[in-house]
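Colleague: The structure that follows is given in the form of structure tokens.
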Amino acid sequence: MPPAAECVPWLAAGRASRRLVLVVVFVALLLDNMLLTVVVPIVPTFLYTTEYEGANSSLAPAQTEPAPTALKAPPFSSMFSYFDNTTVTVSGSTSAVGLANGTGSSRPPQPPTSSPPPPRDCPEGEEFLAKENVRVGLLFASKALVQLVVNPFVGLLTNRIGYHIPMFIGFIIMFLSSVMFAFSGTYTLLFIARALQGIGSSFSSVAGLGMLASVYTDDFERGNTMGIALGGLALGVLIGAPFGSVMYEFVGKSSPFLVLAFLSLLDGALQLCILQPSKISPESAKGTPVFTLLRDPYILVAAGALCFSNMGVAMLEPTLPIWMMQTMCSPKWQLGMAFLPASISYLIGTNLFGMLANRMGRWLCSLVGMAVVGISLLCVPLAKNIYGLIGPNGGLGFAIGMVDSSMMPIMGYLVDLRHTSVYGNVYAIADVAFCMGFAIGPSTGGAIVRAIGFPWLMIIIGVINIAYAPLCWYLRNPPAKEEKIAILSQECPMQTTSYSTQKTLRDFPLADESDVEAENAE
């Protein structure tokens, strides 16, 4: 029986197309990052509603139950005074005996002279919200912590069995995580679902980026392709938070996760058609070990840029919604919309600098990007309402797009230049750098906010980014290893003298009779 690809001509052509491989990776990164950010506006308000308000509502009947009195309370709650023609509100604690004896207070309550009461949308429970910063930060960080541990093993796995099967495993785990998010009603279950997503993200990210690097071998093409793929990541971040906040406000908590689970099934069908996930295709060459790559200072500089630039937005995810609830009294739908400027500008930045970074110098692009990240973070606490967040968040997203679209191609270029051109391990390191940012950021950000406040958190991470930016200068012209020195001649051609030989060139592989044939040809 002929295989399905031979029966369906377009399927066979699709499996040979590099563009469709790019589409598969684009969709996988899109859905992964939609699930990453869709929980940002949902989890803080969901936990506040279920734990704080739920606990208070259960205590409310006991607190509001009136104490038994000797005489029946009067059937009215106010009295009209004919003396000064005013209506006097009778307190619930005033007894009927006091009213009959004239000892009840007839003076109307004086209006408070202090600040006016808070708006209706401001949440109560300041202490609960302060503690929630830490808990929400740990929940968000659990995904990155798990991904941090799993990434090196996925890199080794891709070297042995190829990229297709790990990509499909990532789809399966992401589908399970989406369904679990939809039906989780406690902090513990949400924590497990978030950690499970980290395993799926590790498979999808490492395998997807490694597959692109192996398919697009030209450095300029690879830079453009990585920019497009990161555009899928950016689009997921762009859609996720606003989509989650609107669906949670008007439809319900489960609805955005069920939509993502359905889209994950479509992604799985696309992978079955294009990637043939049952096919094992190991790399022809043995990849450079992870620990050898980690000893390369240029790879460490690039990974550090990825880590610190993304750590800023990772710290904002758990802390900014709660800060908005406390200082701006923002409704639920605004908590996700606050990230919209960052997402739109990140989408623009990754696609724009995927092409421009190679011309202006990827090291310079990342240096400027990290400086702008730091300045934008310093400006976030200056916002007084959601409109004041548009500028800082927009600059933050655009600058992170500059760094990501520059550093991801540099990671592949450094492996080509200084190591074996097998990309699973180096993109595992790149994903580890992302994960360290998204693990350290939320877990420490919540604790720092509780200790010294949200503005100081932004100052600390902003100064770190500005201080790290000059290190990108070292990526301007990284040297090649001795065995890779021939690659430099493509970019820096040297004058060479050609010599001709009279001996006939022999075909490879050499046979035993090859020397005899060469002598006869002479």
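Colleague: From the backbone phi of the range 316-323, what are the Karplus-calculated ³J(HN,Hα) couplings (6.51 cos²θ - 1.76 cosθ + 1.60, θ = phi - 60°) in whole Hz, Gly and Pro given as x?
Modeller: 6, 4, x, 9, 5, x, 5, 5
Colleague: Let me ask something else. May I ask you to compute the full-extension gain from Ile390 to Phe183, defined as 0.36 nm times their residue separation minus their alpha-carbon distance, rounded to one decimal in nm?
Modeller: 71.2 nm
Colleague: Calculate, in nm to one decimal, what Arg359 and Ile452 gain on full extension: separation in residues at 0.36 nm each, minus their alpha carbon distance.
Modeller: Full extension from Arg359 to Ile452 adds 29.2 nm.
Colleague: If I model the range 122-248 as equal point scatterers sitting on the Cα atoms and use the Debye formula, what is log10 I(q)/I(0) at q = 0.09, 0.12, 0.14 Å⁻¹?
Modeller: -0.34, -0.58, -0.76
Colleague: Another question, if that's okay. Can you compute the charge dipole magnitude of the range 351-490 about its Cα centre, using +1 on each Lys and Arg Cβ and -1 on each Asp and Glu Cβ, nothing else charged? Give it in debye, rounded to the nearest 20.
Modeller: Roughly 240 debye for the range 351-490.
Colleague: Also, quick follow-up: How large, in percent, is the carbon and sulfur part of the accessible surface of the range 336-453 at a probe radius of 1.4 Å?
Modeller: 74
Colleague: Roughly what percent of Cα-Cα pairs across the range 238-383 reach past 27 Å?
Modeller: Here the tail beyond 27 Å accounts for 49 percent of pairs.
Colleague: Where Lys and Arg each count +1 and Asp and Glu each count -1, what net charge lies around Pro409 among other residues with Cβ under 13 Å from its Cβ?
Modeller: Value of the local net charge: -2.
Colleague: What ranking do 367-376, 225-234 get when scored by the average of other Cβ atoms within 10 Å per residue, highest first?
Modeller: Taking the mean over residues of other Cβ atoms within 10 Å, the ranking is 225-234, 367-376.
Colleague: With θ set to phi - 60°, apply the Karplus curve 6.51 cos²θ - 1.76 cosθ + 1.60 along the range 441-452 and write out the HN-Hα couplings as whole Hz, x wherever there is a Gly or Pro.
Modeller: x, x, 5, 8, x, x, 5, 5, 4, 5, 7, 10
The values are calculated or read from the model by the stated rules, or taken from the named source; none is laboratory data. Given the structure is predicted, the values throughout are model-derived calculations rather than measurements. Note: ideal-geometry Cβ built from the backbone for every residue, glycine included; neighbour counts use all protein chains shown. Ligands, DNA and RNA are excluded from the accessible area calculation, which covers all protein heavy atoms including side chains. Shrake-Rupley method; radii C 1.70, N 1.55, O 1.52, S 1.80 Å.
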